[in-house]
Amino acid sequence: MRITLNGEIKECPAGTTIEKLLELYTIDKHRTAVELNAQIIPRKEHSSRIVKDTDVLEVVTFVGGG
């Protein structure tokens, strides 16, 4: 299955949740915001929301500092 992740075409298995996708691409799931097809997905839905072929995801990682 092909998706677009932060502007790049990526492959992932069918039935992959957002949470599993973050793990697959080694993205810290605790410090991110995820947008799926232009809609912000609440963190509590990451483990149940399944990514579909051609979906577009933008993942932003929060970084502390000053």
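Being out of contact with any Cys (no Cβ under 9 Å at 6 or more places or on another chain), in a strand (DSSP E or B) and among the aliphatic types (A, V, I, L, M) holds for only one residue in Ile9, Ile3, and it is Ile9.
Out of the residues in segment 27-45 meeting the condition of being part of a loop (DSSP other than H, G, I, E, B) and of a type outside the set (Gly, Ala, Ser), tell me which one is surrounded by the fewest Cβ atoms within 10 Å (Cβ to Cβ).
Within segment 27-45, the subset part of a loop (DSSP other than H, G, I, E, B) is 27-28, 37-38, 42.
Keeping just the survivors that are of a type outside the set (Gly, Ala, Ser) gives 27-28, 37, 42.
Working: Ile27: 15, Asp28: 11, Asn37: 13, Pro42: 9.
Residue satisfying both the conditions and the ranking: Pro42.
Taking segment 9-26 as the range and being in contact with a helix residue (DSSP H, G or I) (Cβ under 8 Å, 6 or more places away or on another chain) and either open to solvent by 90 Å² or more (accessible area, probe 1.4 Å) or not hydroxyl-bearing (Ser, Thr, Tyr) (or both) as the test, the residues that pass are Cys12, Ile18, Glu19, Leu22, Glu23.
The values are calculated or read from the model by the stated rules, or taken from the named source; none is laboratory data. What you see is a predicted model, and the numbers here were worked out from it, not measured in a lab. Counting neighbours? That spans all protein chains shown, and the Cβs are built from the backbone with ideal geometry, glycine included. Please note that ligands, DNA and RNA were not included when accessible areas were found on the heavy atoms of the full protein model with its side chains. Shrake-Rupley method; radii C 1.70, N 1.55, O 1.52, S 1.80 Å.
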